[in-house]
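Enquirer: Here it is, the structure, as structure tokens.
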Amino acid sequence: MPAPASAPAVRFDAVSKVYTTPRGPLQALDGVSFDIAPGEFFGLLGPNGAGKTTLISILAGLAHATQGQVTVMGHDVRADYVAARHALGIVPQELVFDPFFSVRETLRIQSGYFGVRGNDAWIDELLEGLGLADKAGANMRQLSGGMKRRVLVAQALVHRPPVIVLDEPTAGVDVELRQTLWQFVAKLNKQGHTVLLTTHYLEEAEALCSRIAMLKKGRVVALDRTANLLAGTASTMLRFKTDDALPDDIAAQARVTGRIAQVTAHDAAEVETMLGRLRAAGVRVEDLEIGRADLEDVFLEIMQGQQ
Ligand SMILES: Nc1ncnc2c1ncn2[C@@H]1O[C@H](COP(=O)(O)OP(=O)(O)O)[C@@H](O)[C@H]1O
Ligand SMILES: [Mg+2]
């Protein structure tokens, strides 16, 4: 089936998913709709259980939506499965691999699944770009977790898919791998590949993604350009140390780590009000800093506001 020329890279149209579980039906997705344009670097954020992996499984054809439609480069993921799957490179959240093959064999086998042959130059480029060049001959079972994760990324890219999907690729991996990975993925994005990323690391999403959707309990609760999300909600952050207990209403909206508390405000007047309330409550504030809110503050504000 030919795809319409002006198709979005990915389209989710009123997607719902109800899992049948021993404890009854579980609604994992509830009317999710958004488009990702060709060439975008798009972030899908949300707490555990929000439905991110379910949405990606439906995109990959590994699960079926209960309702709604999903297309990749204009191809319906069910009616036109093969074309849709070929347009996608998916790095799964779970580490799955065959321990008996070497890294290069694993990548050649994966190429074969997509009917691609004679792509050793591209495989070498992937190995080089992902810091795997000296591991090409190593057996998968000899690799550390971080190295296996790199192979999963290479595996997803062997057929040069126009759309790259990464489901929490940096959960629990070291800083070096994160940097290698982001450099490589950012380069592919510059070359025109569309990227869909789910992550818990909000600073990564803030640095990389031009647009972000936030998912909560299976619904999109925010969808905007990253810059607008940062500008539109609380934009100022107060950070201070204290040994005193915060008043309940402030504690409810604060991020507290040991002696350090962080609260957000929308403008200077709100900062003054906040400080006044702390003073009135007898909270002694040390090392006060006032700065710009980051995506994590926005995320918490949106998640708290959407029960
Ligand atoms: N195969 C499944 N069967 C039943 N329930 C599932 C299945 N996969 C996920 N869920 C449930 O669906 C919800 C969304 O899960 P998931 O898509 O994995 O969220 P996320 O990736 O955002 O953490 C959760 O409540 C989860 O327990
Ligand atoms: Mg997940």
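Table: residues versus (1) among the aliphatic types (A, V, I, L, M); (2) within 16 Å of ligand 2 (Cβ to nearest atom); (3) more than 18 Å from Lys216 (Cα to Cα).
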{"residue": "Ala50", "(1), (2), (3)": "yes, yes, no"}
{"residue": "Thr54", "(1), (2), (3)": "no, yes, no"}
{"residue": "Leu59", "(1), (2), (3)": "yes, yes, yes"}
{"residue": "Val72", "(1), (2), (3)": "yes, no, yes"}
{"residue": "Arg78", "(1), (2), (3)": "no, no, yes"}
{"residue": "Gly89", "(1), (2), (3)": "no, no, yes"}
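Enquirer: Give the residue that is nearest to the chain's Cα centre (by Cα), with candidates limited to residues of the range 62-100 that are closer than 27 Å to Ser6 by Cβ and within 14 Å of ligand 1 (Cβ to nearest atom). Walk me through it before giving the result.
Expert: Going through the range 62-100, the residues closer than 27 Å to Ser6 by Cβ turn out to be 64-65, 67-90.
Applying the additional criterion that residues be within 14 Å of ligand 1 (Cβ to nearest atom) yields 64-65, 90.
Working: His64: 21, Ala65: 20, Ile90: 12 Å.
Within the range 62-100, the match that is nearest to the chain's Cα centre (by Cα) is Ile90.
Enquirer: Something else: Could you tell me which of the residues Ala171, Ala205, Ala251, Ala222 is out of contact with any Asp or Glu (no Cβ under 9 Å at 6 or more places or on another chain) and not assigned by TED's automatic domain parsing to the domain that holds Ser33?
Expert: On the way: Ala171 fails: not assigned by TED's automatic domain parsing to the domain that holds Ser33; Ala205 fails: not assigned by TED's automatic domain parsing to the domain that holds Ser33; Ala222 fails: not assigned by TED's automatic domain parsing to the domain that holds Ser33.
Step by step, each of Ala171, Ala205, Ala251, Ala222 is checked, and only Ala251 is out of contact with any Asp or Glu (no Cβ under 9 Å at 6 or more places or on another chain) and not assigned by TED's automatic domain parsing to the domain that holds Ser33.
Enquirer: For the range 194-205, which residues satisfy the criterion of being crowded, with 21+ Cβ neighbours inside 10 Å and either hydrophobic (A, V, I, L, M, F, W, C) or more than 9 Å from the chain's Cα centre (by Cα) (or both)?
Expert: Thr194, Val195, Leu196, Leu197, Ala205
Enquirer: If I ask for residues that are at pLDDT below 90 and either within 16 Å of ligand 2 (Cβ to nearest atom) or closer than 22 Å to Glu105 by Cα (or both), which ones from the range 150-176 would you list?
Expert: Step one: of the range 150-176, the residues at pLDDT below 90 are 168-176.
If the condition is that a residue be at pLDDT below 90 and either within 16 Å of ligand 2 (Cβ to nearest atom) or closer than 22 Å to Glu105 by Cα (or both), then Glu168, Pro169, Thr170, Ala171, Gly172, Val173 are the ones that fit.
Enquirer: How about the range 274-307: which of its residues are surrounded by fewer than 12 Cβ atoms within 10 Å (Cβ to Cβ), at pLDDT 85 or above and not in a strand (DSSP E or B)?
Expert: Gly276, Arg279, Ala280, Gly282, Arg284
Enquirer: Ok, one more. Which of the residues that make up the range 248-261 are surrounded by 15 or more Cβ atoms within 10 Å (Cβ to Cβ) and farther than 15 Å from Leu288 by Cα?
Expert: Residues satisfying the conditions are Ile250, Gln253.
Enquirer: Right, Leu59: near ligand 1 (Cβ under 9 Å from one of its atoms), under 23 Å from Pro169 (Cβ atoms), surrounded by 14 or more Cβ atoms within 10 Å (Cβ to Cβ) and within 18 Å of the chain's Cα centre (by Cα) or not? Walk me through it before giving the result.
Expert: Numbers: near ligand 1 (Cβ under 9 Å from one of its atoms): no; under 23 Å from Pro169 (Cβ atoms): yes; surrounded by 14 or more Cβ atoms within 10 Å (Cβ to Cβ): yes; within 18 Å of the chain's Cα centre (by Cα): yes.
So Leu59 fails the test.
Let's see how each residue does on (1) surrounded by fewer than 22 Cβ atoms within 10 Å (Cβ to Cβ); (2) of a type in the set (S, T, N, Q); (3) outside any strand (DSSP E or B); (4) on the phi > 0 side of the Ramachandran plot:
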| position | (1), (2), (3), (4) |
| --- | --- |
| Pro38 | yes, no, yes, no |
| Ala50 | no, no, yes, no |
| Thr71 | no, yes, no, no |
| Arg78 | yes, no, yes, no |
| Arg85 | yes, no, yes, no |
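Enquirer: Another question, then. Looking at this structure, is Val158 in the same structural domain as Glu206 (by TED's automatic domain parsing) and more than 29 Å from Gly49 (Cα to Cα)?
Expert: Numbers: in the same structural domain as Glu206 (by TED's automatic domain parsing): yes; more than 29 Å from Gly49 (Cα to Cα): yes.
Against the criterion (in the same structural domain as Glu206 (by TED's automatic domain parsing) and more than 29 Å from Gly49 (Cα to Cα)), Val158 qualifies.
Enquirer: Show me the strands (runs of 3 or more DSSP E) entirely contained within the range 194-236 in which 1 or more residues are touching a residue at least 24 places away in the same chain (Cβ under 8 Å), of a type in the set (Phe, Trp, Tyr) and touching a Lys or Arg at 6+ places or on another chain (Cβ under 8 Å).
Expert: Working: elements: 194-198, 211-216, 219-225.
Where strands (runs of 3 or more DSSP E) fall fully within the range 194-236, none carries at least 1 residues being touching a residue at least 24 places away in the same chain (Cβ under 8 Å), of a type in the set (Phe, Trp, Tyr) and touching a Lys or Arg at 6+ places or on another chain (Cβ under 8 Å).
Enquirer: Do the conditions hold for Pro38, that is, is it at pLDDT below 95 and under 19 Å from Val185 (Cα atoms)?
Expert: Details: at pLDDT below 95: no; under 19 Å from Val185 (Cα atoms): yes.
No: the conditions fail for Pro38.
Enquirer: Okay, next question. Please indicate, with yes or no, whether at least one residue in the range 20-28 is within 16 Å of ligand 1 (Cβ to nearest atom), on the phi > 0 side of the Ramachandran plot and without any contact (Cβ under 8 Å) to a residue 12 or more places away in the chain.
Expert: The answer is yes; a qualifying residue exists.
Enquirer: So if I check each of Val18, Val32, which one is touching a Ser or Thr at 6+ places or on another chain (Cβ under 8 Å), β-branched (Val, Ile, Thr), within 16 Å of ligand 2 (Cβ to nearest atom) and assigned to a strand (DSSP E or B)? Give the derivation first.
Expert: Numbers: Val18 fails: within 16 Å of ligand 2 (Cβ to nearest atom).
Exactly one residue qualifies, and that residue is Val32.
Enquirer: Something else: Output yes when any residue across the range 31-41 is within 12 Å of ligand 1 (Cβ to nearest atom), in the same structural domain as Ala205 (by TED's automatic domain parsing) and closer than 26 Å to His200 by Cα, and no when none is. Break it down into steps so the answer makes sense when it comes.
Expert: The first filter runs over the range 31-41 and keeps only residues within 12 Å of ligand 1 (Cβ to nearest atom), leaving 32.
Still in the running and in the same structural domain as Ala205 (by TED's automatic domain parsing): 32.
Narrowing the set further to residues that are closer than 26 Å to His200 by Cα leaves 32.
There is at least one residue in the range 31-41 that is within 12 Å of ligand 1 (Cβ to nearest atom), in the same structural domain as Ala205 (by TED's automatic domain parsing) and closer than 26 Å to His200 by Cα.
The values are calculated or read from the model by the stated rules, or taken from the named source; none is laboratory data. These numbers come from a predicted model, not from an experiment. Backbone-built Cβ (ideal geometry, glycine too); neighbour counts: all protein chains shown.
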